[in-house]
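Inspection log for the structure reproduced underneath, given as structure tokens.
Here, each number is a calculation from the coordinates, and none is a lab measurement. Bear in mind the structure is a predicted one, so any value in this text is a computation, not a measurement. Neighbour counts are summed over all protein chains in view; Cβ atoms, including those assigned to glycine, are modelled from backbone coordinates with ideal geometry.
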Amino acid sequence: MMFDLPPPDILYAALLARDPGWDGRAYVCVRTTGIFCRLTCPARKPLAKNCAFHATAGHCIEAGYRPCKRCHPLAPEAGADPAIANLLTALDADPGYRWTEGDLVARGHDLSTLRRVFKRHYGMTFLEMARQRRLREGFTTLGDGGKVIEAQLDAGFASSSAFRAAFARLMGCAPGRLPRDALLRAEWITTPLGDMIAISSASHLHLLEFADRKALKTEVQRLSRHAKGSLGIGSHPPGAQIRAELQRYFAGQGAGFETPLALHGSAFARLVWQALAAIPPGETRSYSGLAAQIGRPDAVRAVARANGANQIALVIPCHRVIGADGALTGYGGGLWRKQRLLEIEQAYQRAGPHPLTVPGVAPA
């Protein structure tokens with residue numbers, strides 16, 4: 001824990017008052033319903049004897065509680081904190097601005113609180129998020145054929161070494177070392193749930209991940225070795241296709257994906273990924289249910305490992321796998337994204353059946 005919680009009677013009083021000062025700092029678990037909420041939740045208040053309090057949403061999930069569908073405790077903090085929302089709005093308005101701690105203090109923010117909130121919900125601090133946003137500008141410049149110095153300036157980096165280091169943390173190597181006519185090409189895709197990196201060949205999509213996923217650098221390096229170093233910046237037809245399909249998905253116009261995929265994994269992992277792709281939007285499966293579906297009921301842990309090794313997010317919907325008790329479980333893109341994706345797909349389900357397309361795949 002980042003800090004000790006006060007006695008339960010104080011937190012229960014905050015729950016009754018819907019005190020926004022505790023948003024993101026404490027959560028209430030209701031024993032009679034198995035649900036956990038923000039203290040500002042508008043739902044009917046439980047009796048004090050049925051409440052347990054935790055400092056993080058992760059602790060609530062570990063205790064076996066499911067997130068409330070009214071207050072969405074796993075949603076980004078921006079949904080409940082105007083100060084956070086204002087920062088994100090400012091970032092969208094001027095993505096090239098070089099934010100400093102001084103800027104945040106001048107806006108009246110407590111740095112430690114801000115850091116904790118952003119790390120909990122986004123996996124990075126606001127300053128790291130702003131830096132990533134600037135890096136996107138440089139990434140786009142390189143993809144359009146621009147020089148490294150042009151990309152550095154477009155990204156707002158005063159230092160070439162700082163730009164190279166930031167780029168290497170994302171892609172595993174400095175931008176100047178990337179070949180121009182590469183077999184695999186990486187491009188940046190912006191979505192309502194955050195920026196994504198897509199890597200494709202002329203015929204297949206090989207990777208689609210959120211840019212802040214911790215495993216991204218390792219996955220990119222593995223693909224680079226697979227392509228014998230022929231990995232660059234730019235676009236191939238599958239990259240353009242998945243960009244358009246993601247746009248339709250988030251616009252509520254279609255939950256099917258037809259971009260051909262190259263799956264880098266064992267025969268067992270590919271079997272699991274095929275089963276994932278067959279889960280209809282709006283539905284979920286447990287790890288044990290997925291293991292039974294592929295005829296390997298004793299391989300629950302192996303199924304979980306294959307699920308975590310998936311490197312084509314959304315298209316191979318590992319976010320549709322939840323705990324046997326209905327609780328959300330780990331997701332490399334963040335639990336708040338997992339909940340939002342499931343909410344998006346529930347809307348598809350309410351709208352009526354959608355044709356499901358399992359993309360053509362090629363073992364790699």
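Histogrammed with a bin width of 5 Å, the alpha carbon distances of the range 205-264 distribute as 4, 16, 21, 25, 20, 9, 4, 1 percent, first bin at zero. Note on Ala347/Gln274: beta-carbon distance plugged into 1/(1 + (r/R0)^6) with R0 of 25 Å gives a FRET efficiency of 0.45.
Placing dummy labels 7 Å off each Cα toward the beta-carbon, the span from Lys214 to Ser112 is 2.3 nm.
For the range 8-73, the Kirkwood radius over C-alpha pairs fed into Stokes-Einstein at 10 °C and 1.306 mPa s yields D = 141 µm² per second. Does anything in the range 178-200 have its amide N under 13 Å from the 7 Å Cα→Cβ label point of Leu88, and if so which residues? Of the residues in the range 178-200, 191-195 have backbone N under 13 Å from the label point off Leu88. Partners of Lys228 within straight-line reach, counting lysines whose Cα lies under 21 Å from its Cα and excluding those fewer than 8 residues away in the same chain: Lys217.
Calculated FRET efficiency, Arg225 to Ser288, Cβ-Cβ distance, R0 = 35 Å: about 0.55 to the nearest 0.05.
Using a cut-off of 25 Å between Cα atoms, the listed pairs Lys69/Lys338; Lys45/Lys119; Lys69/Lys119; Lys49/Lys69; Lys45/Lys69; Lys214/Lys338 include Lys45/Lys119 as exceeding that distance. By other beta-carbon atoms within 10 Å, ranking Val300, Val220 with the fewest at the front produces Val300, Val220.
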